[in-house]
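The values are calculated or read from the model by the stated rules, or taken from the named source; none is laboratory data. Since the model is a prediction, treat every value here as computed from it, not as a measurement. Heads up, the Cβs are rebuilt from the backbone with ideal geometry, glycines too, and the neighbour counts pull from every protein chain shown.
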Amino acid sequence: MWLQALEASHRADKLQRDLLRYVGPDCGASSWEPPVDVFETADGVLLRFALPGIRARDIEIRLERTMITVSAHRPLQVSDAQARIRRIEIPHGRFVRRIALSGPPLELVGSSHEDGCLEIRLRRTPLDQVGT
């Protein structure tokens, strides 16, 4: 059942990514979405985002009942001011990545940022603690 929910969520996320494109320079605009691996663990969920070139202090994580949102800005990094751009394949600019959550409520246990990957651990909230 959980695998089917994850597959449906993945398809919905892919459709959203396919439809989401850069819409302008305002602060709410999003120009890319990082790939993410989602693993179900014994007590919750583990998410691993590929975020090359993004500092940990620039990443915002927001957990809601049915969704987790990760956002930041990856600047275009050119070490030589005289360089002419011939090709840009590594995404840059603002991103917002939303992952739908289902099942029991989850709480943020912790996050770590190492080697360009953000790892977020979520734990299921015991039913006797829901709403307290």
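Which of (1) touching a residue at least 40 places away in the same chain (Cβ under 8 Å); (2) outside any strand (DSSP E or B) does Gln77 not meet, given it meets every other one?
Unmet condition: (1).
Of the residues Ile68, Ile120, only one is in contact with a Ser or Thr (Cβ under 7 Å, 6 or more places away or on another chain), of a type in the set (Val, Ile, Thr), part of a strand (DSSP E or B) and closer than 22 Å to Glu7 by Cβ; which?
Numbers: Ile68 fails: in contact with a Ser or Thr (Cβ under 7 Å, 6 or more places away or on another chain).
One residue alone meets the criteria, Ile120.
List pairs: first in segment 118-129 and within 7 Å of Leu106 (Cα to Cα), second in a helix (DSSP H, G or I) and modelled with pLDDT under 75, Cβ under 7 Å, 6+ apart or cross-chain?
none
Please find, among Gly53, Gly24, the residue that is modelled with pLDDT under 95, of a type outside the set (D, E, K, R), surrounded by 11 or more Cβ atoms within 10 Å (Cβ to Cβ) and not in a strand (DSSP E or B).
The unique qualifying residue is Gly53.
Quick one: Ser102 ticks every box in (1) of a type in the set (S, T, N, Q); (2) farther than 23 Å from Arg11 by Cβ; (3) surrounded by 11 or more Cβ atoms within 10 Å (Cβ to Cβ) except a single one, so which number is it?
Just one mismatch for Ser102, condition (2).
Quick check, is Val38 among the hydrophobic types (A, V, I, L, M, F, W, C) and modelled with pLDDT of 90 or more?
Numbers: among the hydrophobic types (A, V, I, L, M, F, W, C): yes; modelled with pLDDT of 90 or more: yes.
So Val38 passes the test.
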